[in-house]
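Beneath this line is the structure, given in structure tokens, with notes to follow.
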Ligand SMILES: [Zn+2]
């Protein structure tokens with residue numbers, strides 16, 4: 001075995017050289033070295049008596065950054081090229097990492113050092129925020145607890161990281177285990193050719209007759225939206241909405257052609273109970289009534305009550321619209337609709353009203369054209385340019401790498417794109433921090449991001465063609481990418497997306513989506529993949545009119561997820577357990593309008609809150625959407641390509657990382673506190689609760 005690629009301190013990770021067997025030695029080496037160097041630094045600072053920020057704190061930033069550089073490629077590969085071997089070492093490492101983080105968070109000597117330096121009040125705002133964040137995190141890690149409680153806190157954190165990983169893996173495994181083989185072509189009527197081509201190729205690859213449909217997100221959405229066969233839609237709905245649950249579909253349910261995997265193997269029921277119990281326990285240990293209160297300590301929203309009231313207010317103001325939308329859909333369908341009919345009839349109603357369908361739009365949005373248009377948009381507004389870089393080492397042949405340059409030619413950073421769905425890749429779309437911006441001791445490290453999506457891959461006959469929804473996803477993730485790359489902050493723990501409260505982190509991304517609806521932008525990002533013809537104006541008009549289509553129903557769905565998450569973590573009582581279904585019923589009474597069947601178990605695959613960082617924070621999407629819509633309304637007033645307003649947005653929001661209170665930064669940008677009205681207006685929802693009617 002040659003030198004360990006995870007320990008190279010080259011400019012970019014050598015992804016293709018990283019093997020599972022490199023992970024543990026690299027992690028051990030960096031953790032051991034960090035412990036030793038940390039103690040040496042502490043000895044020196046304590047001997048010094050009057051530790052100063054640059055001498056005492058910045059070396060600690062370097063240590064944290066070095067660990068990030070070893071672990072970031074590992075967690076990224078785990079997400080995009082999951083293999084049993086990598087998964088096993090990844091799982092083994094999680095408790096070690098959690099132990100290390102707890103050790104830092106509960107280290108009294110470190111805590112005293114940060115407190116001492118903070119008391120010396122460094123003038124610079126970035127330094128001040130870094131210290132404030134660190135002191136808050138010490139408190140949230142239980143630095144003040146007696147030894148036995150500290151130990152228990154640490155153990156619970158380790159268990160939590162393992163359980164959260166287990167949750168996600170169950171979802172992934174449950175999806176991979178379920179397939180549907182169809183030999184009767186007529187039963188697939190309505191499903192787009194691109195999906196069927198893929199299913200045909202998959203069937204041939206594994207040597208079965210017919211079409212093999214997987215339970216990945218693009219396939220699931222294609223079936224629910226387009227399959228005319230109601231039974232097929234039901235099967236997919238049922239499989240999707242019971243993933244990793246006690247109700248997961250098996251051949252015993254009469255669905256004889258689905259590959260058998262014992263559903264009990266991937267059932268997340270007990271995992272959810274254990275996660276909730278541990279979250280509640282750790283929050284209580286450090287003095288919070290419940291996990292939601294603990295979670296909100298580091299967020300922009302002031303309290304659980306404030307966040308809940310915010311959601312319920314949006315619910316009250318949009319409920320009329322959602323109800324009217326459902327009624328009108330059922331009128332259109334001529335029948336009461338089950339959950340697996342909604343997408344299908346919605347697509348037809350949308351098509352009838354706007355005569356525009358996803359499949360009609362796809363040919364106009366070839367990925368390459370959308371990407372180059374997107375890059376042209378950011379050049380126009382921020383003056384930054386994107387350049388593709390060839391032959392950059394990567395983990396898959398679909399991966400591309402780009403560098404971002406400022407107007408004066410200075411390089412700002414880089415990003416990888418990995419845009420196509422494939423097996424063993426986590427579903428959804430996301431941006432992740434590969435390398436953080438850092439300027440310490442006059443040495444500048446530029447930020448690098450991962451931009452990951454799960455678009456339907458190109459087939460033999462067609463390039464990758466996006467729906468407009470895919471285009472929005474791409475703009476969204478690129479908004480995160482810009483937030484990560486445009487930062488001017490020098491210290492990694494508060495640079496880019498680091499140190500930004502969760503409920504503000506979606507501001508730059510949701511803001512960016514607005515561009516993809518503008519005629520001037522659509523011209524830049526569209527062109528028929530065969531003829532190059534622009535998207536015809538009448539189609540564009542109808543697409544734009546369709547923007548508020550079912551906005552009330554979408555709002556209701558997001559509010560349901562948000563309230564469920566917030567209240568689940570706020571009302572959890574260890575004596576009673578999770579009580580998922582009772583809470584879900586209650587939340588649905590408040591905000592939901594679509595009837596879900598009893599077997600629906602979406603919490604069992606709700607990775608945002610049980611697998612990752614959105615626990616008691618899913619409301620962040622709506623919270624930030626209000627900020628994004630309000631910020632966008634300033635662009636609408638000044639002109640969407642106006643350089644002054646764009647520069648102000650870049651300076652006050654995109655560059656600041658976690659170095660300011662977002663409420664203050666937003667007020668500086670907008671000249672006032674955020675308002676909920678632009679979001680309601682953008683969604684076609686009259687703010688007084690009166691409904692314009694979905695036909696308006
Ligand atoms: Zn996002």
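Nothing in this text is a laboratory measurement; each read-out follows from the coordinates by a stated rule. Source: prediction; values computed, not measured. Note that we place each Cβ from the backbone using ideal geometry, even for glycine, and neighbour counts take in every protein chain shown.
Full-extension gain between residue 537 and residue 557, please, as 0.36 nm times their residue separation minus the C-alpha to C-alpha distance.
Values: separation 20, 0.36 × 20 = 7.20 nm, distance 3.16 nm.
Fully extending the segment from residue 537 to residue 557 adds 4.0 nm.
For the chain, the longest principal axis of the Cα atoms and the long axis of helix 125-140 meet at an angle of about 80 degrees. Relative to the longest principal axis of the chain, what angle (0 to 90°, nearest 10) does the C-alpha long axis of helix 20-48 take? The angle comes out near 40 degrees. Each of residue 14 and residue 40 was given a label point 7 Å from its Cα along the Cα-to-Cβ line. The distance between the two points is 2.5 nm. In this simple spin-label approximation, residue 285 and residue 634 carry label points 7 Å from Cα along the Cα→Cβ vector, and these lie 4.2 nm apart. With R₀ set to 41 Å, the beta-carbon distance separating residue 83 from residue 387 gives a calculated FRET efficiency near 0.80.
What's the FRET efficiency of residue 217 with residue 116 using the Cβ-Cβ distance as r and R₀ = 51 Å, to the nearest 0.05?
Working: r = 50 Å, r/R0 = 0.98.
FRET efficiency, residue 217 to residue 116: 0.55.
Taking each residue as 0.36 nm, the span from residue 7 to residue 469 lengthens on full extension beyond its C-alpha to C-alpha distance by 162.4 nm. Protection proxy ranking of 638-646, 519-527, by the mean of other Cβ atoms within 10 Å over each peptide's residues and highest first, is 519-527, 638-646.
If you plug the beta carbon distance of residue 201 and residue 333 into 1/(1 + (r/R0)^6) with R0 = 41 Å, you get a FRET efficiency near 0.75.
What is the chain's relative contact order, in percent, from Cα pairs under 8 angstrom and six or more apart in sequence?
On the way: 1129 pairs, mean separation 112.9, N = 696.
With pairs under 8 Å counted, the relative contact order is 16 percent.
Treating the angle as unsigned and between 0 and 90°, give the value, to the nearest 10°, between the Cα long axis of helix 193-206 and the longest Cα principal axis of the chain. Result, in degrees: 70.
Estimated from helical segments only, the mean residue ellipticity of the chain at 222 nm is -17500 deg cm²/dmol, where each DSSP H run of four or more residues counts as -39500 (n - 2.57). Ranked by the mean number of other Cβ atoms within 10 Å of their residues, highest first, the peptides 351-363, 656-668, 480-492 come out as 480-492, 656-668, 351-363. Each peptide among 371-377, 554-560, 143-149 gets the average number of other Cβ atoms lying within 10 Å of its residues, and from highest to lowest they stand as 554-560, 371-377, 143-149. Under a no-solvent Debye model with one identical scatterer per Cα of the stretch 454-533, what's log10 I(q)/I(0) at q = 0.11, 0.22 Å⁻¹? Ignoring solvent entirely, the Cα scatterers give -0.41, -1.02. Subtracting the Cα-Cα distance of residue 439 and residue 675 from their residue separation scaled by 0.36 nm leaves 81.4 nm. The mean sequence distance of close C-alpha pairs (under 8 Å, at least 6 residues apart), as a share of the length of the stretch 624-686, puts its relative contact order at 45 percent.
Using only the Cα atoms, work out Rg/Rh for the stretch 330-437, with Rh taken as the Kirkwood radius, to two decimals.
Computed over Cα atoms, the ratio is 1.13.
Equivalent-ellipsoid semi-axes (√(5λ), Cα gyration tensor) for the stretch 1-156, whole Å, largest first? Numbers along the way, then the final one.
Details: eigenvalues 193, 71, 37 Å².
Working from the Cα gyration tensor, I get semi-axes of 31, 19, 14 Å.
Based on every Cα atom in the stretch 619-693, Rg and the maximum pairwise Cα distance Dmax equal 13.4, 43 Å. Decide, for the stretch 470-587, between rounded, prolate and oblate: order the square roots of the alpha carbon gyration tensor eigenvalues as a ≥ b ≥ c, take rounded if a/c falls under 1.5, and otherwise choose prolate if a/b is larger than b/c, else oblate. Since a/c reaches 1.5 but b/c is at least a/b, the shape of the stretch 470-587 is classed as oblate. Modelled this way, with points 7 Å down the Cα-to-C-beta line, the labels at residue 189 and residue 663 are 5.8 nm from one another.
How big is D, in µm² s⁻¹, for the stretch 561-646 by Stokes-Einstein at 37 °C and 0.692 mPa s if Rh is the Kirkwood radius over C-alpha pairs? Roughly 213 µm²/s, to the nearest whole number. Computed on the stretch 94-185, with alpha-carbon pairs under 8 angstrom and 6+ residues apart, the relative contact order is 40 percent.
Over all distinct Cα-Cα pairs of the chain, the Kirkwood formula returns a hydrodynamic radius of 26.7 Å.
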